[in-house]
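Accompanying notes for the structure given below.
Where a number appears in this text, it was derived from the coordinates with a stated rule and is not lab data. Model, not experiment: these values are computed from the prediction. As a convention, Cβ positions derive from the backbone with ideal geometry for all residues, glycine included, and neighbour counts pool all protein chains shown.
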Amino acid sequence: MSSSDPAPPADTGQGATLDTVPESATLWRWRIRQLDLPVQLIRAAVVVGLYFLWSSRALFKGVPITVFGFEPLPEVKDIFYAVPSEVWDYFTAYYHDLLFWKDLWVTVQEAFWGFALGSTAGLLVGLTLGYFRRLQKIFGPFLVFSNAVPKIALAPILILWYGIDMGSKIALATVIVFFLVQMPTTAAVGLVDPDLNILATTMGATQVQRFRKVIIPGIMPAVFGALRLAAIYSMLAVVFGEFLASKRGLGQRLLYSVNQFNMGSAFALMIVLALIALALNGLIGLVERRVLKWQSNREGGQVVSL
Amino acid sequence: MSDSAVALENVSLVFGGDDPRTERVVALDNVSLRVPAGQFVAVVGPSGCGKTTILNMLAGLIRPTLGSVSRNGSEIQGPSRDVGYMLARSALSPWRTARQNVELGLEIRGERKADRRLRATELLAQLRLEGFADAYPSMLSQGMQQRVAIARTLAIDPDLWLLDEPFGALDAQTRLTVQSEFISLWETNPGRTVIFVTHDLEEAVLLADRVVVLTARPGKIKLDAPVPLPRPRVLDELKFDPVFTEIEHRIWKELRDELI
């Protein structure tokens, strides 16, 4: 952010001294500048524009283009989509619907536990393999093979093993999140500045000290990048699991809505799912901001920065 | 022999040999060097002559192929907590503030938080960094980063200081300032032995009591000359002192063939 701040104009007037340079900006002025109003205005305009485009149904009328016999923008039947007013009706209806909140709670729990278990296991295994090269040499190929299995293909099997309740969705999310976290963690251990390791060694650091003071902090940027991705993929896994077979959950409700051609409900649920994923991402962002405080003066790759 | 703070006896070091496809490299060939306690020795030589290798052996990171490397009369077995090693790159942890970086060695030794803080604050002040104790390395200039690295090396109060081209990355002005700060830190801490590796002869003569010149690979000692300049030294004046220039010139004539 700070790099885009304009430099104060040079005062070339007669008798200019440092005293004539204005005091640094007050706090509220600085806050307003940080908001970067043009950016916020354009964002608002984009939202309003999309809203009207969507309301006008123009998007769904279809554009008669054919690319190799394929129509990228086909006409969509009225019963296959919903306009914002219909979606909004469902939002208000669901707000008062206890069963909706139960479904939401099920999906949130599944996504959270899948994320928590998968990333914990991924971190532990990733660190161990990164640190003990020998283990990596032995087990690396097996992990590469397991990772190559399209994990979604496991879903029907996991449902057989864990039943159609939350267990199978948590299991699927755990497997997907595990690899998303383990691979970058292992790689990051190998990329920690070798000078820092040498330095700690010359200072007589024990293995445990080197681990705590060099390796762990050194891999944090990579780990947080992986965790953010993992949170989104955890939601994806859970929704897919619910599509296949489930008793409760937003994914199940979404599939049911589509099957009933109840598009207002389906669109509303998709937006809710996105909001849950963003909330998970935001929680990770809060932790990241504390852990990676030292990076805050650089451009952070933050997904959510409103 | 046992009164030497540091002694290399007929040390040779060969790299490679594990892999039959690569050539073996003789980094050091029969080097002997004894340094009494409290002496400041500068090791000069062309790049790749094994200067850093000597430091790595003294720091206990590698062991010689032949010969012995000892400190205070006993063979060096591994890294020691009272040797301060400053690498060529500042190697600051980007996630630690300047003060936390200085505290690293003290943390590893397990010293109390209050003591660490006190020591770090004191050293940062001596290196004119008191206003930057809580700044992260990415916010500091090169010269400041290098001064933090000096403070970190000296925080554990080592009796052997190993420095590997510590000022090589600095511009001429900053370099002189940091050199001056460094030399006055050493002059106010008597009894500390310094092995200072550099490729800059002027720097070697300015700072050291004794200049050792190594040949190009394989490294051998080509010249071992004392620098009889009084202390404390005022570096920015000394640079223009005819005695200094004469010593530098004399050593230069000796090693011209190696450096070119």
For the range B:190-257, alpha-carbon Rg and Dmax in angstrom: 12.3, 37
With a ≥ b ≥ c from the Cα gyration tensor eigenvalues, square-rooted, and the rule rounded for a/c under 1.5, otherwise prolate when a/b > b/c and oblate otherwise, the range B:90-157 is prolate
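Loop sites only, by DSSP: take the trypsin sites (Lys or Arg not before Pro) in chain A that have at most 14 other C-beta atoms within 10 Å and name the longest stretch containing none of them.
Here the longest segment lacking exposed loop sites spans A:78-246.
With a 10 Å radius around each residue's Cβ, average the other Cβ atoms per peptide and rank A:271-280, B:78-87, B:147-156, highest first.
Highest mean packing first, the order is B:147-156, B:78-87, A:271-280.
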Would you mind counting up the charge near A:L227? Only other residues with Cβ under 14 Å from its Cβ, with Lys and Arg at +1 and Asp and Glu at -1. +2
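What average count of beta carbons from other chains do you get within 10 Å of the Cβ of residues in B:89-97?
Details: counts 3, 2, 8, 4, 10, 8, 11, 3, 2.
Shielding by partners across B:89-97 averages 6.
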Report, for the protein assembly as shown, the % of DSSP beta bridges that are antiparallel, rounded to 5. 50 percent
Using only alpha carbon pairs under 8 Å that are at least six residues apart, calculate the relative contact order of chain B and give it in whole percent. 26 percent
For the protein assembly as shown, what does -39500 (n - 2.57) per DSSP helix run (n ≥ 4), summed and divided by total residues, give at 222 nm, in deg cm²/dmol to the nearest 500? -17000 deg cm²/dmol
Kirkwood Rh over Cα pairs of the protein assembly as shown into Stokes-Einstein at 10 °C, 1.306 mPa s: D in µm²/s? 54 µm²/s
Amide H to amide H under 5 Å from B:R34: which residues, 5+ apart in sequence or cross-chain, H placed 1.01 Å off N in plane? B:L8
Which ordering of B:E187, B:E203 is given by a fewest-first count of other beta-carbon atoms within 10 Å? B:E187, B:E203
Over the range B:90-157, what is the relative contact order in percent, taking alpha-carbon pairs closer than 8 angstrom and at least six residues apart? 52 percent
Where nothing but the Cβ of Lys and Arg (+1) and of Asp and Glu (-1) is charged, how large is the charge dipole of the range B:108-173 around its Cα centre, in debye to the nearest 20? 320 debye
Given charges at beta-carbon only (K, R positive; D, E negative), |dipole| of the range A:88-295 in Debye: 680 debye
Calculate the FRET efficiency for B:R256 and B:L118 from the Cβ-Cβ distance with a Förster distance of 51 Å, rounded to the nearest 0.05. 0.55
What does the charge count near A:G251 come to, summing +1 for each Lys or Arg and -1 for each Asp or Glu among other residues with Cβ under 12 Å from its Cβ? +1
Sorted by mean Cβ packing within 10 Å, highest first, what order do the peptides B:220-233, B:14-27, A:176-189 take? A:176-189, B:220-233, B:14-27
Evaluate peptide B:104-110: per residue, the Cβ atoms of other protein chains within 10 Å of its Cβ; return the mean as an integer. 5
Which GluC sites (Glu not before Pro) in the range B:73-129 sit in a loop by DSSP (not H, G, I, E or B) and have at most 13 other Cβ atoms within 10 Å of their own Cβ? none
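Below 8 Å between Cα atoms, with a sequence gap of 6+, how large is the relative contact order for chain A in percent?
This gives 20 percent for chain A.
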Pseudo-spin-label distance A:Q207 to B:S74, built 7 Å along Cα→Cβ, given in nm, is 2.4 nm
At q = 0.18 Å⁻¹, base-10 log of I(q)/I(0) for the range A:61-144 (Debye sum, equal scatterers on each alpha carbon): -0.86
Shielding by partners for B:127-137, please: the mean number of other protein chain Cβ atoms within 10 Å of each residue's Cβ. 1
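Where both residues lie in chain B, what percent of DSSP beta bridges are antiparallel, nearest 5?
Of those bridges, close to 50 percent are antiparallel.
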